[in-house]
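Down below is the structure, laid out as structure tokens.
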Amino acid sequence: MHETELHDLSDDSDYAAASRHTGSSNITRSDSGKSITGESGPLKVVYSKDNVSIHPTQYASERISGRLRLFKQGSSLFLSWIPYKPSTDAEDDSLWQGSSSISKEKGRNLYTIKLLPLSDVHSIRRHTPGLGWQYIIVVLSSGLAYPPFYFYNGGAREFLATLKHHVCIVRSVDDANVFLVNDFQDPLQRTLSSLELPRVISVANRASLHKPSNSFSSLDDSKIVNGTTYGGISSGISEYRGRPKKSHDPARDISIQVMEKFSLVTKFARETTSHLFRENHGDLLNTHRKKQQVEGGFLNPATSSSDDEKKTTNMVQVDSDPLEFEKLPLVWGKQRKAPLSLEEWTSFLDSEGRIIDSKALKERIFYGGVEHNLRKEVWKFLLGYNEYDSTYAEREYLASEKMHEYEILKSQWQSISAAQAKRFTKFRERKSLIDKDVVRTDRSVAYFEGDDNQNVTVLRDILLTYSFYNFDLGYCQGMSDLLSPILYVMKDESESFWCFTAMMERLGPNFNRDQSGMHSQLFALSKLVELLDSPLHNYFEQKDCLNYFICFRWILIQFKREFEYENILRLWEVLWTHYLSEHLHLYMCVAILRRHRTKIMGEQMDFDTLLKFINELSGTIDLDWMIKEAEALCVCAGENGAACIPPGTPPSLPLETNMGLYPLEDEVL
């Protein structure tokens, strides 16, 4: 068999444009066309791509890389993904990330795909984000989905081009990024499918829905541990099995899978609920909602406005909430607990002061926060000032060393003479901006109120010192909002500075002049809303709000101006645990938008009206409700939600140090 053209995506305008600019039609693969011997005979390699990775966790640093290949055997096509072996001549350990949480050998066995027949694949969703890396999600006919495959060196379009050459794939009429895989044996059926007619697509869908379940009979004897299948060709697959549906829209496969995954949230259910009720769901939904109103578990002070919304005569009909899939009464996150007490805190420490179980501590703080008199000590761990395995003596020594280092940094700007300042424009500009901001930062809080308040002076000194410590970033409006609660809790200048510095390692990109940190988070938010509430996302697209700038202030300063001061302390210590995700704040944004979706869509708010409405929510959001809602959304989105967030998106630590940061100096909150 001679080598044929592998880039026939004539119906893909993006790919065609890329081909014209990059000459992708001339791309070659070193091992394409080679043959290997399988159990059933020779297999020809028709596609091979190195450094295709999966992310077992939400952390960008923890990934497993491998080689993705397509094999041809007769008229059948097979997909294979083999993780690299660590410390071999062909691939070094730098290609195997994440050994801290998953052993190398176990990871290989868990995620290896030996030979997957393309006849078992229902659809492939391609993601080509403007920020981050391309990836694909392979969805099987049984409803299972593999983890997203990231193409760190490009090649997603080439993969689909090769696929289209060897099997019949058709694009979804509703989503250009979803490709349906139809392995028709009937030549007439294959020809009709290539026309991409809606009727043909629906016929193909019904055929795939009624495929025998024995396609995965090899799973029957596999071992299942914690919901993960070991052995067979489907190890490492996520399960999204649901009830048979009256209609099937392939363009929304991924979203529907997320909805159905709500049935897996039982570990987060209330202790009095043992399972989700599937019978008489209409009556149960009303009962569940009434129970919520009585308990007040998910209501915020703005709840009463919902009655007024229903009475508004000018509101248009709003698409139903997709997370009320078939109106099942959903059970949300765990109940909040009392704050971590001194007695409990002591139980987490050994005799020398080390944290015995940092993960359990973070979980405890996530569900209850910390008593205020403990925050000064606990926050230093959460922010990274102190290591979890440090002793009392080591922490005391560190505090002494850091105080000395801080005094040296502070002296750098204190020693600038008036004559020198006249010739130091950047210093004068930053000092002037800091002086203006600190006198209007949290002055209603007793700790900062009043004239000639020394705490305000300390706030200014820390910010000036930081502008010299991180001279590339300097100072931007909003930083004083982030420092204020830290100083309020620490009540120590040196410790406040170093805790603030640790925070800015994660949030510093929010203030880049090119807005790269903010754009990556807003992009991720857009994808999360699209995944979890596609009607709302479509509405924002219609109103030209897909940049999600309406949420800019929420993300920039971590909801600082949306809650009372005490609630901000509680919220931030929950976020700093990174217990479920480093990006829980994005799920909180989704939760708030979804809470008000009926009003937003019903009143047809445009960007200006929507921005005004969002800003007026300040002080009306129930914190416990928001955390629980975000927790549930994060759990239910699962790996598809994590895949929406490009690696390195703040507050994740940057993938690599960027020494060329430029601040966003003129942003007005």
For segment 339-446, Kirkwood radius (reciprocal of mean inverse C-alpha pair distance, Å): 17.3
Projected area averaged over orientations for segment 405-487, convex hull of C-alpha atoms, nm²: 5.6
Over segment 393-449, volume per residue of the alpha carbon convex hull, in Å³: 112
Carbon plus sulfur fraction of accessible area for segment 544-649, probe 1.4 Å, in percent: 47
Against the rule of thumb 2.2 N^0.38 Å, how large the Cα Rg of segment 580-651 comes out: 1.22
Residues with amide H under 5 Å from that of Ala145, placed H, sequence gap 5 or more: Leu140, Ser238, Tyr240
Exceeding the 29 Å Cα-Cα cut-off - candidates Lys422/Lys491; Lys362/Lys560; Lys334/Lys527; Lys359/Lys410; Lys560/Lys628; Lys380/Lys628: Lys422/Lys491; Lys359/Lys410
Residue among Ser444, Ala393, Val370 farthest towards the positive dipole end of segment 370-477, charges placed on Cβ: Ser444
Per-residue HN-Hα couplings for segment 552-559 [Karplus 6.51, -1.76, 1.60; θ = phi - 60°; Hz; x = Gly/Pro]: 4, 5, 3, 6, 4, 10, 6, 6
Carbon/sulfur fraction of accessible area - segment 340-432, other protein chains in place, 1.4 Å, %: 52
Given charges at beta-carbon only (K, R positive; D, E negative), |dipole| of segment 477-622 in Debye: 240
Fully extended contour minus Cα-Cα distance, from Ser411 to Gln515, at 0.36 nm per residue: 34.3 nm
Per residue value of the accessible surface for segment 388-546 (all protein chains in place, 1.4 Å probe), Å²: 44
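The values are calculated or read from the model by the stated rules, or taken from the named source; none is laboratory data. As the structure is a prediction and not an experimental result, all values here were calculated from the model. Neighbour counts run over all protein chains shown; Cβ positions are idealised from the backbone, glycine included. Note: areas computed on protein heavy atoms with side chains; ligands, DNA, RNA excluded. Shrake-Rupley method; radii C 1.70, N 1.55, O 1.52, S 1.80 Å.
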